[in-house]
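Take a look at the structure below.
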Amino acid sequence: RLTNREFLAFSPTELAEALCLLFDLTVAFAYDQRLTQGEPTVESAWTIRTICSSLSWLERFHCAEDVVAASVHRMLAYPYMRHLGLVAQVLEDASAIWRGGKRSVVRAVLGVHRIFSKSEQFNLLNRLYLTDACVWIQQLDEGRITEFAHKVNAAQTAACADLFEVVRWDLARFIEEARDEGEEDEASDSAESSSGGSSAAE
């Protein structure tokens, strides 16, 4: 249950960290929504916690660009669905959540709260972070949400323009090696099939 409460005034640095935590959370939520088509599964709590650096290992961000970089890395490293196209779409989804204003962000955070509440293991994160976050963001001025949404949109646009630069992994080499291995496997399968056919004919 969410009950109204008062919070101490945040310094500019603390406000930036809190907004970045919520952005980090909405990216993870957007990934799960995209993956499950809006129908959370038993893996959803793990997926969201893992992609969200703020929850998985208590990272504290100070700008939207750092959240994007960390989220991209985690989306390409941990879940079983890893694809640059999916990452770009998730970042756009998260940006759209923030462009939708306070109500849209609150709905996303409450969605995560609902998913975590169904897990004995992850419900602790609700008690530590999300319950207060759900109340705090509703008290936040709409103008601050709009201002941060512009930063989110700029970070998302810049990242999607060149995800290879954001990742900073040699993805081109990895893709080429995977393609070469696939071609070698096909050649090997073809050779085995030919050999099997010849033996049968004899």
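A short reminder: the numbers here are calculations on the coordinates, not readings from a lab. Not measured: the values here are computed from a predicted model. Here the Cβ is made from the backbone with ideal geometry for all residues, glycine too, and neighbour counts use every protein chain on show.
Some points to look at:
- FRET efficiency, Ser119 to Arg60 (Cβ-Cβ, R0 30 Å, nearest 0.05): 0.80
- Residues whose placed amide H lies under 5 Å from that of Glu59, excluding near-sequence neighbours: Ser54
- Scattering profile of the range 62-144 at q = 0.10, 0.20, 0.21, 0.24 Å⁻¹ [log10 I(q)/I(0), Debye over alpha-carbon scatterers]: -0.30, -1.15, -1.20, -1.25
- Computed over the chain, relative contact order equals 23 percent, with contacts defined as Cα pairs under 8 Å that lie 6+ residues apart.
- Length gained on full extension, Glu39 to Arg144, computed as 0.36 nm times the residue gap minus the Cα-Cα distance: 34.7 nm.
- Stretch gain in nm, segment Asp185-Ser11, where the contour uses 0.36 nm per residue and the Cα spacing is subtracted: 56.8 nm
- Each label point was placed 7 Å from the Cα along the Cα-to-Cβ direction; for Leu128 and Met81 their separation is 2.7 nm.
- Computed over the range 71-139, relative contact order equals 22 percent, with contacts defined as Cα pairs under 8 Å that lie 6+ residues apart.
- A P(r) calculated from all alpha carbon pairs of the chain, with 10 Å bins opening at zero, reads 8, 32, 30, 13, 7, 5, 3, 1, 0 percent.
- Kyte-Doolittle at least 0.0, axis length at least 27 Å by Cα - qualifying DSSP helices, the chain: 12-36
- Estimated 222 nm signal from helices in the chain, with DSSP H stretches of n ≥ 4 weighted -39500 (n - 2.57), rounded to 500: -24000 deg cm²/dmol
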